[in-house]
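Reading through the structure tokens given below for one structure.
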Amino acid sequence: MLRRIFSSKSKKLKPGYFLPLSQLDISANHNNKGALNSINEIRISYLYQTIAVDIYKQSIALFLAEVLAYALKEEEKNPNLFEYIETALKWLDSHDEFSNFHLVFLLELTKYLGFYPDVKNTNVTYFDLEEGSFTNFKPRRNYVSGQELILIKSLIGIKFDDMVGLKWSSQNRHSILDVLLVYYEFHLPGFKKPRSLKVLKEVFNENS
């Protein structure tokens, strides 16, 4: 609960603090009775230099915020997951080549969510979306092959600093993004495609 956030007298809580995926230090009241909790104090722990002013980075942040809202249901601490998200967003904020950032982010995130693809044998013909594995045997349904398979393979093991070598068209990015979201739907109960997906695609189409 954010009390009096839109009040002109509120100096501690400002709407600008709560942009998508802002990194904040928060002091809050917390209870386990199911009632609303309230924030006492807040400050920015890392001030974005470019995400707040770059329309392309803003679109990525909004999209990933929705993905994370659907994907993260646990309430217990997960420092490794937090560190990954924190570090990734700082990378996005400080780099100029980021067209494939959201794709690498989504695939790497599956490591922390427990369904990263089995990469023991990638020199095959199909990727089974339900099983999360590469295979030479054509699955009955829900699989990737052809050009999309090549794109998936090229993402395996890629780090943010390496992805500038992925010279993909906007069509290729949209295609592999759709595959990754379907993959999330199979492995995360209740996961939905973000409403901001359309906006993200439109923004990057303008920059293609």
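Among all positions in the stretch 162-171, there is no residue which is in contact with a strand residue (DSSP E or B) (Cβ under 7 Å, 6 or more places away or on another chain) and of a type in the set (Phe, Trp, Tyr).
Conditions (1) touching a helix residue (DSSP H, G or I) at 6+ places or on another chain (Cβ under 6 Å); (2) in a helix (DSSP H, G or I); (3) more than 17 Å from residue 190 (Cα to Cα), marked per residue:
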{"residue": "65", "(1), (2), (3)": "no, yes, no"}
{"residue": "68", "(1), (2), (3)": "no, yes, no"}
{"residue": "76", "(1), (2), (3)": "no, no, yes"}
{"residue": "88", "(1), (2), (3)": "yes, yes, yes"}
{"residue": "93", "(1), (2), (3)": "no, yes, yes"}
{"residue": "96", "(1), (2), (3)": "no, no, yes"}
{"residue": "102", "(1), (2), (3)": "yes, yes, yes"}
{"residue": "111", "(1), (2), (3)": "no, yes, yes"}
{"residue": "116", "(1), (2), (3)": "yes, no, yes"}
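Just checking, does the stretch 154-172 include any residue being of a type in the set (Gly, Ala, Ser), surrounded by 12 or more Cβ atoms within 10 Å (Cβ to Cβ) and more than 21 Å from residue 115 (Cβ to Cβ)? Yes, that holds for at least one residue. Across the stretch 139-151, which residue is most open to solvent (accessible area, probe 1.4 Å) among those that are touching a strand residue (DSSP E or B) at 6+ places or on another chain (Cβ under 6 Å) and either in a loop (DSSP other than H, G, I, E, B) or among the aliphatic types (A, V, I, L, M) (or both)? If we take residues in the stretch 139-151 being touching a strand residue (DSSP E or B) at 6+ places or on another chain (Cβ under 6 Å) and either in a loop (DSSP other than H, G, I, E, B) or among the aliphatic types (A, V, I, L, M) (or both), then 145 is most open to solvent (accessible area, probe 1.4 Å). Checked against the criterion of being modelled with pLDDT of 90 or more, of a type outside the set (Ser, Thr, Tyr) and either surrounded by fewer than 17 Cβ atoms within 10 Å (Cβ to Cβ) or closer than 26 Å to residue 172 by Cβ (or both), the candidates 85, 26, 44 yield just one match: 85.
Of all positions in the stretch 85-100, none carries a residue that is free of Cβ contacts under 8 Å to residues at least 24 places away in the same chain and farther than 21 Å from residue 51 by Cα. Inspection of the stretch 153-163 finds no residue satisfying the criterion of being over 18 Å from residue 105 (Cβ atoms), assigned to a helix (DSSP H, G or I) and either among the polar types (S, T, N, Q) or touching a residue at least 60 places away in the same chain (Cβ under 8 Å) (or both).
The values are calculated or read from the model by the stated rules, or taken from the named source; none is laboratory data. These figures come from a predicted structure and were not determined experimentally. When we count neighbours, we look across all protein chains shown, and the Cβ atoms used for this are built from the backbone with ideal geometry, even at glycine. For accessibility, only protein heavy atoms count, side chains too; no ligands or nucleic acids. Shrake-Rupley method; radii C 1.70, N 1.55, O 1.52, S 1.80 Å.
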